[in-house]
Amino acid sequence: MPPKKRKISDLTANDVNALSLTLNEFQMALVEDDEDLPPGLITALEQFREKLQVVKHVSFSKVDSFVLLQVNIKSGPLFLVPEKKALAEELGSAEIGDRALSMKVLKELIELVRKHVSVTTEAGCRVLINLVLLRVASAMSTDQMDVNIIPEYPIPKTLFLGNHSFGGVVDFLMTKLPERYTSFLLDDPVTALGNPTAIDGPVTSNIFEAKRDNVRAAIPPAVIAAASHCSQHGISVLRGCITSGEQWVFFVYSATSGGGGSVSCSNQYEIGPQYEGLPLILGLLHDWVDNAENLQQVYFTSK
């Protein structure tokens with residue numbers, strides 16, 4: 001089968017870098033006054049190389065680890081503090097009266113998803129993600145503050161260091177804001193969050209990206225999405241997750257004043273066949289929503 005044809009706009013940053021280096025090496029090896037060279041070849045090569053080097057907009061889905069280095073975002077670990085694990089599990093498994101999706105019902109619904117939903121695509125994985133996020137949203141909402149789930153939230157094009165531009169859609173945005181603004185948010189989330197001055201009270205968000213397999217491979221796109229959201233909203237810290245529904249990785253992005261930033265990522269946590277990991281995941285999600293823009297950690301350390 002012949003290789004799939006690609007447009008220049010389909011190239012990742014790694015592809016562009018590798019192709020540019022190859023073109024440079026090829027042109028350097030040519031004898032420019034060689035009469036056997038096709039007319040205009042040198043000019044065409046220079047024009048093509050310049051075209052590659054002109055910064056183009058890149059969607060989040062095409063971002064890789066090389067891009068993080070290009071825009072000066074450094075990576076590091078988050079270590080779960082063993083002494084805090086039980087506290088996170090207690091927070092995640094706490095029952096909140098009749099208003100919240102109970103742990104018993106959540107487990108029953110997860111079991112139904114495992115039996116009846118194909119998770120060979122990200123759309124299938126989102127059925128399970130929806131349930132976990134719904135438990136968190138219902139357990140954390142009060143008469144004064146609401147936690148809401150916004151699927152497929154668009155983030156506008158954002159310019160980074162080195163004239164790099166990124167934008168796209170995040171799979172889920174989880175927001176926390178005063179309860180009286182909930183209908184305003186859910187009816188038109190892009191308008192509501194694009195005009196924060198219309199909301200009297202704190203508004204915070206978390207970014208969640210769905211990834212069917214190899215969850216950690218989606219860290220670079222999710223981090224660039226978080227960095228773009230920070231830039232768009234004038235904030236310096238944002239927490240997020242990458243998940244298949246069964247596996248969850250937590251991260252914290254922090255922007256630096258001179259441009260660029262850093263990201264710290266946790267290990268991968270799994271719900272488990274007997275739901276043994278579910279309380280921990282729910283507790284960490286609770287903390288992530290409560291401290292969406294807080295760099296200080298309760299359950300993790302970076303050392």
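The numbers here are math on the coordinates, done by the rules we state, and not lab data. Please read these numbers as outputs of a predicted model, since none were measured by experiment. Virtual Cβ from ideal backbone geometry, glycine too; neighbours counted across all protein chains shown.
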| message | Given a Förster distance of 51 Å, report the FRET efficiency between Glu111 and Leu19 from their Cβ-Cβ distance, rounded to the nearest 0.05. | response | 0.55
| Of the peptides 159-166, 145-152, 40-47, 244-251, how do they stack up when ordered by the mean number of other Cβ atoms within 10 Å, highest first? | 244-251, 145-152, 159-166, 40-47
| field | Phi-based couplings in Hz for segment 284-295 (Karplus 6.51, -1.76, 1.60; Gly and Pro marked x) | value | 5, 4, 4, 5, 4, 6, 5, 10, 4, 10, 10, 6
| query | Scattering from the C-alpha atoms of the chain alone, worked out with Debye: what is log10 I(q)/I(0) at q = 0.08, 0.15, 0.16 1/Å? | reply | -0.42, -1.19, -1.33
| So which GluC sites (Glu not before Pro) in segment 266-303 end up in coil per DSSP with only 12 or fewer other C-beta atoms within 10 Å? | Glu276
| Share of Cα-Cα pairs in segment 165-244 lying beyond 15 Å, as whole percent | 58 percent
| query | Excluding Glu152 itself, what net charge comes from residues whose Cβ is under 14 Å from its Cβ, given Lys and Arg +1 and Asp and Glu -1? | reply | -3
| remark: Given backbone amide H placed at 1.01 Å from N, residues whose amide H is under 5 Å from that of Ala100, ignoring those fewer than 5 places away on the same chain, are none
| Mean separation of Cα contacts under 8 Å, 6 or more apart, over the residue count of the chain: relative contact order % | 23 percent
| query | Can you give the relative contact order of segment 64-203 as a percent, counting alpha carbon pairs under 8 Å and 6+ residues apart? | reply | 18 percent
| remark: Once both label points are put 7 Å beyond Cα along the C-beta direction, the Asp200-Glu35 separation in nm becomes 8.6 nm
| message | Give me, ordered by chain and number, the residues 5 or more places off Glu209 or on other chains with an amide H under 5 Å from its own placed amide H. | response | Cys241, Ile242, Thr243
| Listed peptides 82-90, 205-213 by packing density, highest first (mean Cβ within 10 Å) | 205-213, 82-90
| said: Using amide H atoms built in the peptide plane, which far-off residues or other-chain residues are under 5 Å from Val169 H to H? | reply: Phe60, Ile155
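Give the shape of segment 192-284 as rounded, prolate or oblate, defined through the alpha-carbon gyration tensor: a ≥ b ≥ c are the square roots of its eigenvalues, a/c under 1.5 means rounded, and otherwise the shape is prolate if a/b is larger than b/c and oblate if not. Kindly include the intermediate steps, with their values, before the conclusion.
Values: a/c = 2.45, a/b = 1.64, b/c = 1.50.
Prolate.
Ala94 to Ile235: extension gain in nm, 0.36 nm per residue of separation minus the Cα-Cα distance?
Details: separation 141, 0.36 × 141 = 50.76 nm, distance 3.10 nm.
Taking 0.36 nm per residue and subtracting the Cα distance, the gain is 47.7 nm.
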| field | Cα centroid separation, segment 115-154 to segment 251-295 (Å) | value | 16 Å
